[in-house]
Structure formats: structure tokens, C-alpha cells
1. Looking at residue 163, is it touching a helix residue (DSSP H, G or I) at 6+ places or on another chain (Cβ under 9 Å), at pLDDT 65 or above and surrounded by 13 or more Cβ atoms within 10 Å (Cβ to Cβ)?
2. Could you tell me whether the range 137-146 includes any residue that is part of a strand (DSSP E or B), at pLDDT below 95 and more than 21 Å from residue 8 (Cα to Cα)?
3. Of the numbered conditions (1) surrounded by 10 or more Cβ atoms within 10 Å (Cβ to Cβ); (2) under 18 Å from the mean Cα position of the chain (by Cα); (3) without any contact (Cβ under 8 Å) to a residue 24 or more places away in the chain, residue 31 satisfies every one except a single condition; which is it?
4. Can you tell me which of (1) modelled with pLDDT of 70 or more; (2) within 30 Å of residue 76 (Cβ to Cβ); (3) part of a helix (DSSP H, G or I) is the one residue 109 doesn't meet?
5. Can you give me the number of residues within the range 100-118 that are farther than 12 Å from residue 165 by Cβ and in contact with a helix residue (DSSP H, G or I) (Cβ under 7 Å, 6 or more places away or on another chain)?
6. Please list, ordered by first then second residue, the pairs with beta carbon atoms under 7 Å, 6 or more apart or interchain, first in the range 158-171 and on the phi > 0 side of the Ramachandran plot and touching a residue at least 12 places away in the same chain (Cβ under 8 Å), second surrounded by 15 or more Cβ atoms within 10 Å (Cβ to Cβ) and part of a loop (DSSP other than H, G, I, E, B).
């Protein structure tokens, strides 16, 4: 007997209640990536504590530019590592359409603000998986986990800018969400075409 893969039900949820459409997308699941990020955090914390505990031994009249630059770089790298860990464990994208406004909220994505768009100016909404080169690690695109800003499978044109959401979605799931929004009356032909 062969080992048949179960049918993938998708990652996102779509709800429509009282004139409000809500799409909720959890971050791409990868237990191995989560474990590795935590393992990377441990030496980062060790390095930071070692530097901070030895900082009292540095003479006040000595200015070591390399040491200060190293601490700042180490802290910035640690911030982005912690940001990625918080996102993979607690984050989610919540896309809402209400009263002609499309809102993209990346919850628990540190330093990423909620953005809202006038639905009448949303054009050419489509689903296309973005390829970032060979950055895939354990079926998760590293760019999407670490950058979080303006990435994803679902794209639309807003003036002279392309806006993206749907981090970690397959193209077919993005198409499904667009179809559901159209069937529910939230998207009209002017949103779908390149008008």
C-alpha cells in the first residue's frame, strides 16, 4: 500500500459577517525553523551577556570604536532574530475589508504598522508566488519570515505601487481567497482587472 499525502486544506481562514470580510493567515508553519531560531538565540544571548558583564572592565577613558560597533551590530541582529521568533510563534496577518477599505494588519510583527487602502483604488488583484532565489529553508522563505514588510502571495496595484499580503500562502490558496472575496461581493471587476 502506498503512502498517500493528505489533501491540504489551506492555511488561511475566510469569514464574512455583517458586511465585513476577514482573512486570517498564520505564519508559515515550520517546527524545525522555530527550533533553529531558538538555538540561534541562545548564543546571541550568551554573547550579549558576556559583553555586558565585561563592560565594567573597560576603562572609561578608552574609546574602542570596534567594540561599540560590534555591540550595536550584535544588538540589531538580535532584535531581528527576536522579531522573527515572535512572528513565527505569535504572529498572523489579518486582512479586513469593511466600508470600502482594505486593511492589512500583521499582528505581532514588531515595527510593522497596520496599513489601510481605498478599495476603489485597488486594481489588478492577483495571486502569484514570489520567488526570492534560493532562500528557502525547510519549506519556509527566509525573506518572508525576517522582512515581513510588503511580502506575500496576493498582490494588487495601488497607484504606482504593488502591495502584497498572504505570507506563506501557495498560489492556489491565494486564488481561492480572491475568488471568495469576489463571490461575497467585496471585490468587483474594477479590482480584478488592470483598469
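1. No.
2. No, the range 137-146 contains no residue that is part of a strand (DSSP E or B), at pLDDT below 95 and more than 21 Å from residue 8 (Cα to Cα).
3. (1)
4. Single failed check for residue 109: (3).
5. Total satisfying the criteria: 4.
6. As it stands, the answer is 166/152; 166/153; 168/11; 168/27; 168/28, since those pairs meet every condition given.
Per-residue answers, yes or no, for (1) at pLDDT below 85; (2) surrounded by fewer than 16 Cβ atoms within 10 Å (Cβ to Cβ); (3) over 12 Å from the mean Cα position of the chain (by Cα):
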residue: 93; (1), (2), (3): no, no, no
residue: 103; (1), (2), (3): no, yes, yes
residue: 135; (1), (2), (3): yes, yes, yes
residue: 159; (1), (2), (3): no, yes, yes
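The values are calculated or read from the model by the stated rules, or taken from the named source; none is laboratory data. Model, not experiment: these values are computed from the prediction. Here the Cβ is made from the backbone with ideal geometry for all residues, glycine too, and neighbour counts use every protein chain on show.
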